[in-house]
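Student: Below is one structure. I have some questions about it.
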Amino acid sequence: MPKDGSAIALDGQGRPLWLVLELTYRCPLKCVWCNNPLDFDRYASKELSTDEWKDVLRQARSLGSLQLGFSGGEPMLRDDLEELVEFANGLGFYTNLITSGIGLNEDRLQALKRAGLKQIQLSLQSADRKLTNELVGTRAHDLKIDVARRIKAAGFPMVLNVPVVRQNIEQVDRILALAEEIGVDYLELANIQYYNWALLNREALLPSRAQIELAEQKVQAARARLGKRMTIYFVIPDYYEGRPKACMNGWGTIHLTIAPDGAALPCQEVRVIDGLEFPTVREHSLEWLWNESPLFRKFRGDEWMKSPCSGCSEKSTDFGGCRCQAFLLTGDAANCDPACSKSPHHSVITEAIAAASASIDRPLVHRLAGAAEPAELTP
């Protein structure tokens, strides 16, 4: 199964080309695969102010950042979102809103358009009202469909992002039909990656290989039929690949995430790795954080690699895989990602697949304050 649409080879020449601002971890949804930290609620009182976010944008642009995603949590919960979009647009960023759609009413949609927002990425969990609402823990399906139509009516290019799990994978043909009917420009069917809430729910969420292969066949048929009318990405989970994903195109290479409290991160999940420190933009310049901080230098390049990665001919392609996954599944972030069949820890992946296959009606843990503790992810 090819990793179609899951990897982009790009040399940022040392610049953080792709910037993500996680404006808040607050969110009205309770998604069972949420990538926010398990203890997300402890950051609510530490969010950067409007002026602090503007300073981040100025510094990032001077470092060479071009692509900008406003994310969360739910970024619509920030009253200053339109102001930040307008400011970023003035600096020359290509601005993208990554949203659940909750709070994106007609007034705010038009205000964002006036502010210069370039693109919107909307999440949808299924083609079925009941299933969507079950997965996100609230009644959201009808609102999301309405918002999708409003986005298109407002003239925005739209990405429809569908997290793919066992519960919805057999709806791929229905999701494709719905996306076509709405007029979606880009459809991303993204088999989820297993961190934080998704890792807690892995046994219940992980699809089978047969389900993934059937879904991919449906995607190929849709591509042949639709041609250039809609671009469809189908992101394969690396649990079934035998090789790890080229995580973030390499640690500290082109991706820079700023968390709600101002922590500069090489990826959104990195706080799961014990023993690292996460300095913030309140204490250091973004230039120092990107170029000099111990966090970004920790796994940049390949000098940190142990065997088998250090001697692998593919190390410049997959960068040893995901450091967060290596830590979560082996206890050492410097280990070869166990998704790789060359890893001495690959058995933890095959065991996880077997456990998921044997799981019947395992209850899902929704994203709720206090519903889970970080210690539950300790290997």
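Student: Using a 1.4 Å probe on the protein heavy atoms, what percent of the accessible area of the chain belongs to carbon and sulfur?
Tutor: Working: 7750 of 15630 Å².
Carbon and sulfur together cover 50 percent of it.
Student: Could I ask something else about it? Averaged per residue, what accessible area in Å² does the chain show with a 1.4 Å probe, protein chains only? Display every interim value, and only then the final one.
Tutor: Values: 15630 Å² over 379 residues.
For the chain, the per-residue accessible area is 41 Å².
Student: Using helices alone, what [θ] at 222 nm do you get for the chain, with -39,500 (n - 2.57) per DSSP H run of 4 or more residues, divided over all residues and rounded to the nearest 500?
Tutor: Details: 14 runs with 129 residues, N = 379.
Taking each H run of at least 4 residues, the total per residue is -9500 deg cm²/dmol.
Student: Distance cut-off 23 Å, Cα to Cα: go down the list K113/K245; K245/K306; K118/K228; K30/K54; K306/K342; K46/K118 and report the pairs above it. Write out the running numbers ahead of the final one.
Tutor: Working: K113/K245 35 Å; K245/K306 18 Å; K118/K228 20 Å; K30/K54 29 Å; K306/K342 12 Å; K46/K118 28 Å.
Violating the 23 Å Cα-Cα cut-off are K113/K245; K30/K54; K46/K118.
Student: Ok, one more. Report C27's accessible area, 1.4 Å probe, all protein chains in place, as a number in Å² to the nearest 10.
Tutor: 40 Å²
Student: What percent do you get for the relative contact order of the chain when only Cα pairs under 8 Å and 6+ apart count? Walk me through the numbers on the way to the answer.
Tutor: Numbers: 731 pairs, mean separation 81.2, N = 379.
Over the chain, the number comes to 21 percent.
Student: Also, quick follow-up: Rounded, prolate or oblate, given the Cα gyration tensor of segment 131-247, with a/c below 1.5 counting as rounded? Working shown, then result.
Tutor: Working: a/c = 1.88, a/b = 1.28, b/c = 1.46.
Verdict is oblate for segment 131-247.
Student: Determine the sum of side-chain charges near T132: Lys and Arg each +1, Asp and Glu each -1, restricted to other residues whose C-beta is under 11 angstrom from that of T132.
Tutor: Working: positive: R129, K130, R139, K144; negative: D128, E134, D142.
Overall, the nearby charge balance is +1.
The values are calculated or read from the model by the stated rules, or taken from the named source; none is laboratory data. Not measured: the values here are computed from a predicted model. With ideal geometry, Cβ positions are generated from the backbone for all residues, glycine too; neighbour counts draw on all protein chains shown. When the accessible area is computed, the model is the full protein with side chains, heavy atoms only, and any ligands, DNA or RNA have been set aside. Shrake-Rupley method; radii C 1.70, N 1.55, O 1.52, S 1.80 Å.
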